[in-house]
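The structure under discussion appears below in the form of structure tokens.
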Amino acid sequence: MPQDTRIDPRGYRFGAAITLAVALIALVLGAGPAGYVAIGVLTLMFIPGATVGPQATLQSWLFKRLVRPRIGPPAETESFRPPRFAQQMGLAMSAAALVLGLLGIAAGFYVFAALVTVASFLNAVFGFCLGCEIYLLLKRTTTRAA
């Protein structure tokens, strides 16, 4: 696999920690203008990762500039595809929270913002990328054996 399609797995875990912080801020601010701004920022943060891959996000840039020089290169790299799918799921959930909140459906805002929070918590704290696992499960169930 070409090097530009391989990513440092520590980078998207760092990105999940930033996502977790923004999602928690949105939940604490609640279903109101400030919470909608926070979830809107989060939605915008997901767009580069969902379209290009996690290597194109602000979080990745911060990791490459601030963290990786201090911890060195990774022992191994991974494909960007499962984390990109996770970013697509995050984009869909944060956009759903934003739209439902703007439509006055506070419960929808809280449910979808909480889903983003739980998924980013699992990745940031335990290194378990829920979206990546769903991607791999879908890949296994839709790929025919040779």
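FYI, it's all coordinate maths here, none of it is from the lab. This one's a predicted model, so the numbers in the text were calculated from it and none came from an experiment. All Cβ positions, glycine included, derive from the backbone under ideal geometry; neighbour counts span all protein chains shown.
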Given the DSSP H assignment, sum -39500 (n - 2.57) over each helix run of at least 4 residues in the chain and divide by its residue total; what's the result at 222 nm in deg cm²/dmol, nearest 500?
-23500 deg cm²/dmol
With 10 angstrom as the radius, rank Tyr12, Tyr36 by how many other C-beta atoms surround their C-beta, starting from the fewest.
Tyr36, Tyr12
Pick from Arg65, Arg81, Arg13 the residue whose mean-square fluctuation is largest in a GNM of the chain, springs joining Cα atoms under 10 Å.
Arg65
Of the candidates Pro74, Pro83, Pro48, which one comes out as most mobile in a Gaussian network treatment of the chain with C-alpha springs shorter than 10 Å?
Pro74
A correct fewest-to-most ranking of Ser120, Ser79 by other Cβ atoms within 10 Å would be Ser79, Ser120
